[in-house]
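Q: My questions will all concern the structure given below.
Every read-out reported here was derived from the displayed coordinates using simple, explicitly stated rules and does not represent laboratory data. Just so you know, these numbers come straight off a predicted model, no measurement behind them. With ideal geometry, Cβ positions are generated from the backbone for all residues, glycine too; neighbour counts draw on all protein chains shown.
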Amino acid sequence: MFADPARAMTAARALVDPRCWTRSHLLAWVLMPDHWHGLVALGEDDALPALIRRIKTSTARCVRRDQRHAGPVWARAYHDHALRKEEDLLGAARYLVMNPVRAGLVRRCGWYPYWDAVWL
């Protein structure tokens, strides 16, 4: 799905749209050719299922509109993992943004165009 650069750029813009992030904060993310990883600070009055629904709905609308894509954009399910200690955040972010390198897409994470982290 996101191996196509135009679709990936459309999805990346939608993923960081502030309207998705009114109650929670996106700390780090990477859009892979077939999935997305995000490190999220969930707001007190936000629920993870609601946040995931907002993200998937927003990105799917944008991809369908801008790329004239008629099929599904996301799988129905998602996998989450809660970090227990705040000091784990930076290590988790580093691991997350290195996914394109581990997948053999690029040799350096900075060469991959579809990621960001608040620590930059």
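Q: More than 17 angstrom separation, counting every C-alpha pair in the chain; what % is that?
A: Value for the chain: 56 percent of Cα pairs lie more than 17 Å apart.
Q: Now a separate question. At a threshold of 8 angstrom on Cα-Cα distance, excluding pairs fewer than six apart, so keeping six or more, what relative contact order does the chain reach in percent?
A: 32 percent
Q: Residue farthest toward the positive end of the dipole of the chain, with Cβ of Lys/Arg at +1 and Asp/Glu at -1: which of Trp111, Met1, Leu39?
A: Positive-end residue among those listed: Met1.
Q: What is the distance, in nm, between label points placed 7 Å from the Cα along the Cα-to-Cβ direction at Ala103 and at Leu90?
A: Here the answer is 2.6 nm between the modelled labels.
Q: Note down the magnitude of the dipole of the chain about its Cα centre, charges +1 on Lys and Arg C-beta and -1 on Asp and Glu C-beta and zero elsewhere, to the nearest 20 debye.
A: So the dipole magnitude of the chain works out to roughly 480 debye.
Q: Can you give the percent of C-alpha pairs in segment 30-93 whose distance is more than 18 Å?
A: Tail of P(r) above 18 Å: 47 percent of Cα pairs.
Q: Would you pull out the residues with amide H under 5 Å of Leu27's amide H, same chain only if 5 or more places away, H placed 1.01 Å from N?
A: Under 5 Å from the amide H of Leu27: Leu39, Val40, Ala41.
Q: Something else: With the crude spin-label approximation of a point 7 Å out along Cα→Cβ, what separation in nm comes out for Asp4 versus Ala75?
A: A separation of 2.1 nm, rounded to one decimal place.
Q: State the Cα centre-to-centre distance between segment 1-38 and segment 51-120 in whole Å.
A: 6 Å
Q: For a protection proxy built on the mean count of beta-carbon atoms within 10 angstrom, sort 28-37, 49-58 highest first, please.
A: For the peptides 28-37, 49-58, the packing ranking is 28-37, 49-58.
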